[in-house]
Structure formats: C-alpha cells, structure tokens
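Notes follow the structure.
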Number of protein chains: 2
Amino acid sequence: MAEYRVTFAPFRKAVVVPVGTTLLEAAGQARITIDSVCGGDGICGRCKVIVKDGRVGGAPTALLTREEIRQGVVLACQTTVESDLVVEIPEETRAKDKLLVDRDAERFRAVRPGIEKQEFVSSPIVTKAALKLRPPTLANNLSDYQRLQDWIRPATGIESMQAGLKVIRRMPSILRDHDFTVTVVVGRRRGVAEIMDIEGGDTSARSILAVADVGTSTIVLHLVDAVNMATVGAQACFNSQAIYGREVTTRMIAAERRGAQPLQHLLVEDINGLISTLAAEKGVPLKDVTAVVCAGNTPMIHFLLGLPTENIRRSPFTAVTVEPPPFRAAEVGIKINPRGLLFAVPGISSWVGGDLTAGILATGLHEMDGIGMLIDIGTNGEIILGNKEWLIACSASAGPALEGAGVECGMMAQQGAIEKVYLDDGEIRYEVIGGGVPEGICGSGIIDLIAMLLTQGVIDRSGRFVEGGDHRVRFEDGRWKFVLVEKRQTPKGREVSIFQEDIDNVITAKAAIFAAAKILLDRLDLKPSDIDRLFVAGGFGSYVNLENAIAVGLLPDLALSKALYVGNTSIWGAKLAALSGEARQTLREIVGRTTYYDLLGTDDYVEQFQQARFLPHTHIELFPSALEQGAVRRG
Amino acid sequence: MAEYRVTFAPFRKAVVVPVGTTLLEAAGQARITIDSVCGGDGICGRCKVIVKDGRVGGAPTALLTREEIRQGVVLACQTTVESDLVVEIPEETRAKDKLLVDRDAERFRAVRPGIEKQEFVSSPIVTKAALKLRPPTLANNLSDYQRLQDWIRPATGIESMQAGLKVIRRMPSILRDHDFTVTVVVGRRRGVAEIMDIEGGDTSARSILAVADVGTSTIVLHLVDAVNMATVGAQACFNSQAIYGREVTTRMIAAERRGAQPLQHLLVEDINGLISTLAAEKGVPLKDVTAVVCAGNTPMIHFLLGLPTENIRRSPFTAVTVEPPPFRAAEVGIKINPRGLLFAVPGISSWVGGDLTAGILATGLHEMDGIGMLIDIGTNGEIILGNKEWLIACSASAGPALEGAGVECGMMAQQGAIEKVYLDDGEIRYEVIGGGVPEGICGSGIIDLIAMLLTQGVIDRSGRFVEGGDHRVRFEDGRWKFVLVEKRQTPKGREVSIFQEDIDNVITAKAAIFAAAKILLDRLDLKPSDIDRLFVAGGFGSYVNLENAIAVGLLPDLALSKALYVGNTSIWGAKLAALSGEARQTLREIVGRTTYYDLLGTDDYVEQFQQARFLPHTHIELFPSALEQGAVRRG
C-alpha cells in the first residue's frame, strides 16, 4: 500500500502513514493531540485543521463555513491522506500541553492532613532494602539465595519469596563484587514477595514509585519517594485516546473495530511521556522507578492492560477483571525499571472503577461513623454513599459538559480557563486560571455562570433564556446565547459565550448525577440532611463554588459546612496504595464491602432524571436553602 | 574465522565448526555422545575416532598404538579440525543410546508398594480443572477473572491466585467461545497458585507431568499421568555433558572457562530429546505436558538453570541456590507447554542435592522409628543416616568406577553389560543384560567379580594379583589382568578383562564410600548392627549382590535381611513431588531437618579412607560375617 509523509505545522513533526489514513489518526501517531469530542464521527466539528499542501480525500461537511473551506480548513477526522501533506493545526484545535496539578495536591492535604505518615504503616508496593551479609564460611556455607532470604526476612518482615531466574543467576557475582553488601528490590505481589532485582552496594535511598490517575480526559502522574513518602513531582497530560472520542463508549467501539492495541499504545505512551519528563526534570534514573500504581475507571484499566472491552459495553456489562493481579510494567510497554511492577487499584464493577475505590480510601468514607457521600464528577458521575458499616455505589453517564467539553466555549481546567464567575456590586466578574486572557470556561466557571443567570432571572428554571432578561443575551446565527466575554475584550478576538444548547447539556449532566444521588438516598430512606459529610471530587475546576453547585441542583441541598471539594481523590488513593500494604488491604476490603447499585435496573431513574432537569429541580422543596436565600422562586 | 564441515560416519550427521574445534566438541554439537572419561584432558584414551578424510591438527599421544595411528585413529579430544573432514566413530567409542529403566521402576514398588496412591493426597504441581461456569447476567455480572477464581477455589482448594496478562487477555473469548465450559491449568508456585492457561471445553483428562532424574552420567525421564497417577512411559539417555568430562568437577571447570551456556544447552537438549521421543511414542501432545520436575545433584541443577558453579567448587563451597523457586520451563529452553513449570527438588547443600532428598522421601527414611541408612552410589557417593527424629548426610567423591567408568572394560548398566558374576560348581559364570554377547562389565558385575577373585585367592586383601592364583591372570603389554571373557568367546573378538589398575580404582571408590559411612556411624556412636534398614541406591547395576558388596567392603557388615537394593530413588522421590503437595512439603521439611556433615572438615577422613583401601578393610574385625563365612582370611 502507498505511504505518504504528513508534516504537521507548527510542530515540525512528521509521520509516514498508509494512503487513506485520517488526519486525526496521523496526528495521533505524531503524538499531537487534537481536540475531538465525538471521536471521529464527524459531528462535533472540533478537529479543524488546515491543509497547506498536498491532496486529501473526504466527503463535504456542513460543519464548515464557506470561508473556512476556502482557507483549506477540513475536519481532521473526515479527511484522508492521499499524497504527501503539510497540515497546520490551528491553536484552537490543539489540546493544551500542561495542566495544573499542584493546587489539587495542596487541597487534599487540607482534607486529611498528614494522612500518609500517620495513619498508614509504610510498606511500599516495592521496597528497597540494603543488606550487609556475612560472607559464607565453611561453618556456614548456606547458598547465596538462602543467605539473602534469611537477611531479607528480618529487614522487611516478608516471609515467602520468589525470584526470577535472571536475578538468581546474577546473585553470586553481585554479592562477591560488592563484599556482600547489596540492595534488594522486593516487590509485593499478592501473597508472596518477589526479589525483583539486586543492586551492588547500598542504593536503598533511591526508591521512586510512579502513581497515576488514568482518567478518560486527563492523566495525572506523581512521582513519590518511597523512602520519605514525599511527592517528588507531579505532571498531567491529556489522554491521547481522545482522538478516538471523548467518551469511553466511543473508544470501546474503536477498540472493537481496530483491536485493543492502538488504544493501549496511546495510553502507555502518555504515561511514558509523563514519567520520562518528570524523571528527567527531577534527575531520577528510570531504573530507580520500580513500580507504577494506577487508578482509573474499569475501561481505562482494560485499555492500559490491552484487555478486550467489548463485554463491558454490552449487557450484562462484564469486565474481564476489576481486580487485576500485579504485572510487570514492561509487559504493557511502560518504561521504568525493566522488572518494575504495574499495580492497578481494584475496582468494584464495570462502571465503578479503581478511581472510586481510591476516592473512598482517600476521603475515609469507609471509616466514617456518620453517613458520608462522595460524588466524583467526570464524564461518568459516580456516587458512593456509606459509612464504616456499609457502602453503596452507583454510576451515571453525565457526559463531559461539567468537564468543559460538550459546551461550545468550554475547556478543561487549565491555563486560560474562566474558573469562577461572580457578581461584584452588580457587575459580572470572572477569574482566569493563570490570570491571563480568557480562552474559554471550565466546569466550575460554568456552574457559577448558570447559577448567576438563574438568580439574576436571565434564564428560567427550565434553563431557557428569559426574553429581555439581560442585554448580553443575544440571538445570532439562529441561536440564543449569553455573552460573558465580548470579542473585543480579548486580544485574539475570541468571544466567550454560553449557548442555549450548552445550558441544556449542563442541565442534563447535573440531572444525571443528582438523580443518581437521590435514588441512592431514597433507597436507604435518607434525606440530604442525614448526610454528615459530602465530598465532591473531580477535575472539573481547581475551584468549585459548592453553594452554586447546590443552587443549580447538581448537589443535594445540605449545610455548606458539611460539603467539601476534595479535588482528585483518585490519585491520592493510588498514592496511599503505592506506599502502604495496609492501604492495599483496605482497598480490597472496600471492594468486598461495596454494593454496586445498577441504575439501569431501577424503575424510577428515568423519572428522577426528568424531574432533575430543572434548576435546581422540579420539586423545589428539595432545595430549602436555595428557597430561603431567595435564590430561586417557586413555580 | 574459517569454518569447516565435519561429517560423522556412520551417522550421516554433519556440523559446521570453526577451525581449531576439537573432534569431541564437534561430535557433541552433532549430538553424538562419545565415550570420554577424562573430559577432554587426553588421559583416558576412550575417545578414539578414525579420520577418514581431511586434515586434522594435534599433538602425538602415547595412548595410541602404532597400528592405530597407521589406521588414522586419533583421540577426539586432542585432535582439531583443520579442513572439511569425514570422521568415523567406531562402535566401541560410541556411548549407547538406550538404557534399561523398567526393572528399576518395578523394584521400587516392592520397597514401598502403592506409595503414591495410598500415602499421599494427589495435588499435582500442575492441576487441570474443568469448570462449567454460569454465564454472567445483569444480576450477577462479576468480572470474568473473578468468576473463574470463584469456581477454581472449590474445584481445587486453592485460595490465592495469580495469572499472567496473556492468559487474562484470552479469558473473555475462550469463555464465550465455549459456552463458559473451560479447563484451567493451575500451577502451584510456593505460596500462590498461578492460572497458567485456559483451554476451551473439558481437557482435564489430558494432564501429563515429566519427571526426571538428572544424573551426572545418565538422565532418566518418566512421563506421569497426573489424573490417574500412572507412569505413561520411561526413557533414559546419557548425559551429553560427558564430552566435558565424566566428573562433575571437570564440567564445572569447563563452565568457568566457557560460561554456563554450553553445559546448560546439552542438558536441556537431552531432556527435550527424552520428552519429545516419549511423548511422540505415547501420543502425548507437548502442550499437555505442563511441568517438569527434576531431581539432581546441586551442580546438575545449577547447569540446568544456567547458574554459575564456580563457588560450589571452591571453599567454602557455596551454591547459588539449593532450593530454587519454580520457574517457567521455557526460561531454560525446555519444550513443553509454553507456560509449563520447571520444579527442582530442593537439596541440602552444594554436595548433597535434591536427588538425595528425593531418595530420603522415596525410601521413607525420614519416617523410620528405627535407624535407617541410605547409601546412594554414583560418581559421588552420598550417605544419609537417620530416622523420624534426625537425619545426617555426607558426600564422598568416589569417582565413576562403580558406575562402570574408570574401568577399562567397564560400561554402564545397559544392553551387553555383564551385570552378574558367580561360581557354579567351580566354573565362572556371568549374566549379560539383554542376554546377548558381553561387551563389557557394569558396576554390579565388577563387585561380583572382585568378591569372587578375593574368595578364590586370585587377589589378596590389598587387591594385588597373587602370583599363580589362576590361569586367567595374565601379564600383557606390561600390565596384569584377569580375563573374564576370552577374545575368541565373543563374535567381535572383544576381550572382557579386569586390570590391576581397575581393581585399584574400584577399591578407591568403595573405600571413599565406606569411610564416609563409618565416620557418620562413629560420630553417632553407632555400629553397623544398630542399623535397622540399609537402602542401597544407584544406577550401577540393575542387579546388585549385596552379600558381595559387603564382602568387598563397600557396604558396612550387617545382616543381609536388613539391606535392600532400591535402584533409582531419585526419580521416585521426584515423582512423588510432582504428584503431591504433601510430598513437596515433606521435601522442604527433610531439607530443614537434615544436617550436612562435611567430611573435608573432619580430622580422620583420610585415615579412615586409607584403612578402607583393603578388601574388605584393614580392620577385618569390622566384617564379622565375612570372617565367619570364611570368605576372607585374617592378615
């Protein structure tokens, strides 16, 4: 088959691909992430690129204006390579490179300060132990392996040990070349420990673990020092699988068509990129990174391990595994120490994954005397209700609107996103992440904005624009919108608006989550006021105004003092799992104790969902505090 | 470097080797085993071959007659390839292809009849379990892996399980392609079990284990049916490492010079050859052979695993491991099921290996109320003394004389070997294995012959020929010999004689073993008569006359009713280990309970050895029964 070179401007990256490859796939192979919501179905119109040189194929689309077509703009997902090409990717099409992660990390410490050091015994999933052995004598000529094991036991408390043949072969020379002072790298794999490696001399001070939250949209990775339990560094990137769709389901369909390998490869390369960049930045040799601990939803972990996902997507929604045993990271292509381990935080079901189990662990929901609720808002919204005696979980498909996708000017919580909207003396004000020019609006900003529009009577309780409600409400190109940032106010002339359709999408998302939470409460005969602690987790903003989240009916109405935004609990739970055997044991107990409640099997989910498609809700009496503050009027 | 083709007649086998390669090495590469005792040092003169065509290099040797040199005879180990060659390997130089193993197997059953089925719970090292799972439903949509584990537990009693990524990846399709009826292949690796493979449908009836006694001279291999615990077939071959020397030490030196790989390769190919031949003969697909269980001395297990042996050979004689964890057989190149396991029976020290532990298990020494002794006669003689409360072991370097090597007309216990010599009405009679023409004499025949020469006054108590003792004692080519079979009596004109040097070698071997046994008894203040049961093991004959073995002073003098020749106990112990978890546990207990007594650390071994270099011993009073029968005279 003919192959052509596609060069991407302004990156100077080029790839050679077979004729007929889409530009979206070609960009993926060049490791350039293009903003795509629909995953290549040609319906979101996000993946606009400009063909500067060469011949392309593809059908016409209604999503481009005549002007754009004249400029050579095409949809990357609908356009195929037919010759050597030069393709420009405009800035607005590019997914951003760098996310903010530090504030999340700090916020968590406020929730459970000092949790790692005080509450858990440190027993990292991979331990390094320096041993100064007594050399063999005629009176004591135990075998090298036995000698090593006899010293490892008291040093680590590990009884039963395995070792690979390669490691055993190297033992005699390493021991003798270093006067019997060596460092053993011991990994914990379920019941037994494995001597993964032996290093000459005392290298026990250098022991680094990688911990990742493998999300549908973003991947956050921390390097953790297993010796002093400190975070060495943190970094995040977009999940490159986005070229196969924003939604997990779209990606699973892609995996069925193309096999698991392409999706696995993208994820593994994202993780490799984060590890290698961070390791280089912090001066950590990859050899010293001895494990990767990942928390993610069940389909993401399947992609990571290259497992087929087809049965997750179809009734009865069966995962291959929700509690995979530890594998060698190299088996999936992750580049750390060649014998390093890959551990996935165990999940509960096909739709409640290890990210949620990690969240329960991190928030301590499973230890609460009172009743706690954890709402983790992502492309799927997951809700856990429980205490130290019981835990019940469900999952609702919210769509990506609250993460800033599915909203025309939406963007993820990153540099340039409006994360906060408020009234100051009657004037609308906003705050932009990084303090610069606004480029769009992220989830927390959208919630603020809608709450404000509601209290100001700009929209009604069904989310419809009220005629004459505000001068910023405009009708243009057949669509209603509210203009938050005027074109002329931004240097690049980009207006930030919210359209009627955007509001509808947000209401759909929040309704899905609220209905799920309400059904869980109803089943247990609980009212929102019975909740002693509400944890709100998710990456939809680095700041979330919980009062507004209640006002729009995303969260149940309860005293604000009981609610806490806890950011990315998935990575914190994963970090605890990396550092502590007790935490890993607790995770397994959480899995065993948590009942999965399948909303699809309930009679009233659709009804509850429909009722929640008002602001804050059809039944306004469910939001007494909102009523009290006069934020909304009855009827 | 120039390479030349060496063709071996009459095998029509050819190899291409670099210039300078010895003919012995070239034959090894062609997988033709040449009889060599000294391992290529040019001193045994066994490896005579005839160069038919081509140019060779090498120094002159005193071990060839002028006639031989004229015929083109050279020593394979001293002759190098300098051009393309045709080399003939005369029949007397070839090691034999086939050993007898069946009689051994039968003999064991007589020692502990029905031991496998009655005394041990069957829990093979690899189990196959057929499972008919209930397919997932909405009400029960456990993950595939969890579902499988939940069914394996009750079917096998195994709690903690691991599985490789490849197996997990295949789970969903195998389950669904076979209506959720599958067979799991579960291997036991120390504390945890591993789901090694999943097969569609019910294949549980086909589960075969290979069990091997990896000896310095010979390798015996049985295929065992794990389902009904029956032996499917048995076969043996010579250890091809013989081209690097008959003695283990010579081979360890070779491994230090050339690396572990060449020695490992020969052993692995021998095992592969036995498995594939037997499997083909019995119609067993290699895929159904799921484990290899090996018992061998510690250096052999090191060779098999490719472990360095240099520290075994040098003080303080430290093994890399005497209790290796189970590995995947494919890791060392053994060709069975690709995920099949390799398990080595644990040993006690560098010089008391798993073959002995297996022997203890097989004879039941470790369970005895009275005192038992096990003498395993091989190139090393190993002695264990003990009962259900204590076990003490030592090892003595005997040399290969009792295995038929190091004796000019000696051969291993195989077709054509004289295995029995006796007087019938004053006439010397002998029995030949297979009943055909005598080609040499094996260990049991040599013991009979020497005992007879002693009682008949042909040799004196120091082993010297008595002048005029018999007309068959002759002086030829400067050497004294006793002619057992005259040249004219055999069709091929091969005389079978025993030379003065042969007798000396046998006396040295038996002295080493007797001295070791005596020291153990002395240390525990025991006399031979305190022994309740003496097990004599080893492959030196398929028949051993224990009375004669006592008469020559190889075994301590005790009532014949207490002594039992038990043949190859190594393979029987290995077979029990393959079939029973209880046996594997017992082996570890035996290892833990057995004290290794190092003869090199004793003051009196050399003295005891010197005293034992008489027939039966310097101190004749140690052999009261021999005295009583008038077999030997005092002084």
Candidate set from the stretch A:141-155 (those that are of a type outside the set (D, E, K, R) and free of Cβ contacts under 8 Å to residues at least 12 places away in the same chain); member that is farthest from the other protein chains (Cβ to nearest Cβ) = A:P154
key: Hits in the stretch B:156-195 - residues which are facing another protein chain (nearest Cβ under 9 Å) and of a type in the set (S, T, Y)   = B:S160, B:S173
note = Taking the stretch A:325-354 and keeping only residues that are touching a Ser or Thr at 6+ places or on another chain (Cβ under 9 Å), open to solvent by less than 20 Å² (accessible area, probe 1.4 Å) and part of a loop (DSSP other than H, G, I, E, B), one is left with A:I336, A:N337, A:G340, A:V345, A:P346, A:G347, A:S349, A:S350, A:V352, A:G353
request  = Quick one: in the stretch A:556-575, of everything that is out of contact with any strand residue (DSSP E or B) (no Cβ under 9 Å at 6 or more places or on another chain) and part of a helix (DSSP H, G or I), which residue is surrounded by the most Cβ atoms within 10 Å (Cβ to Cβ)?
outcome  = A:L560
request  = Evaluate the stretch B:600-611: report whether one residue or more is under 30 Å from B:K128 (Cβ atoms), open to solvent by 10 Å² or more (accessible area, probe 1.4 Å), modelled with pLDDT of 95 or more and touching a helix residue (DSSP H, G or I) at 6+ places or on another chain (Cβ under 9 Å).
outcome  = no
ask   = From A:T618, A:T602, A:T508, A:T586, which residue is polar (S, T, N, Q) and closer than 23 Å to A:T363 by Cβ?
value = A:T586
query = Out of all the residues in the stretch B:325-342, which are within 13 Å of chain A (Cβ to nearest Cβ) and either of a type in the set (A, V, I, L, M) or within 20 Å of B:R190 (Cα to Cα) (or both)?
reply = B:P325, B:P326, B:F327, B:R328, B:A329, B:A330, B:E331, B:V332, B:I334, B:L341, B:L342
key: Set B:A291, B:A295: member being in contact with a Ser or Thr (Cβ under 9 Å, 6 or more places away or on another chain), among the small types (G, A, S), outside any helix (DSSP H, G or I) and under 30 Å from B:S204 (Cα atoms)   = B:A295
inquiry  = Being open to solvent by less than 60 Å² (accessible area, probe 1.4 Å) and of a type outside the set (A, V, I, L, M, F, W, C) is the filter here; which residues of the stretch B:479-502 pass it?
reply    = B:K481, B:E486, B:T490, B:G493, B:E495, B:S497, B:Q500, B:D502
message = Given the criteria in contact (Cβ under 8 Å) with a residue 12 or more places away in the chain and in a loop (DSSP other than H, G, I, E, B), does B:V591 qualify?
response = no
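Every residue, every condition in (1) in contact with a strand residue (DSSP E or B) (Cβ under 6 Å, 6 or more places away or on another chain); (2) open to solvent by less than 10 Å² (accessible area, probe 1.4 Å), yes or no:
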position	(1), (2)
B:G434	no, no
B:L449	yes, yes
B:F465	yes, no
B:G468	no, no
query = Any chance the stretch B:388-397 includes a residue that's in a strand (DSSP E or B) and more than 20 Å from the chain's Cα centre (by Cα)?
reply = yes
query = Given the stretch A:138-241, what strands (runs of 3 or more DSSP E) lie entirely inside it while holding 2 or more residues that are crowded, with 24+ Cβ neighbours inside 10 Å and at pLDDT 85 or above?
reply = A:181-189, A:192-200, A:208-214, A:218-225
remark   = Within the stretch B:307-322, residues outside any helix (DSSP H, G or I), at the interface with chain A (Cβ under 7 Å from one of its Cβ atoms) and open to solvent by 10 Å² or more (accessible area, probe 1.4 Å) come out as B:P308, B:S315, B:P316, B:F317, B:V322
query = B:F108 fails exactly one of the following numbered conditions: (1) in a helix (DSSP H, G or I); (2) modelled with pLDDT under 85; (3) open to solvent by 20 Å² or more (accessible area, probe 1.4 Å). What is the number of that condition?
reply = (3)
key: Residues of the stretch A:544-599 satisfying the condition of being hydrophobic (A, V, I, L, M, F, W, C) and closer than 22 Å to A:G187 by Cα   = A:I571, A:W572, A:A574, A:L576, A:A577, A:A578, A:L579, A:A583, A:L587
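The values are calculated or read from the model by the stated rules, or taken from the named source; none is laboratory data. This structure is a prediction, so every number in the text was calculated from the model and none was measured. With ideal geometry, Cβ positions are generated from the backbone for all residues, glycine too; neighbour counts draw on all protein chains shown. Keep in mind that these areas ignore ligands, DNA and RNA; they rest on the heavy atoms of the full protein, side chains included. Shrake-Rupley method; radii C 1.70, N 1.55, O 1.52, S 1.80 Å.
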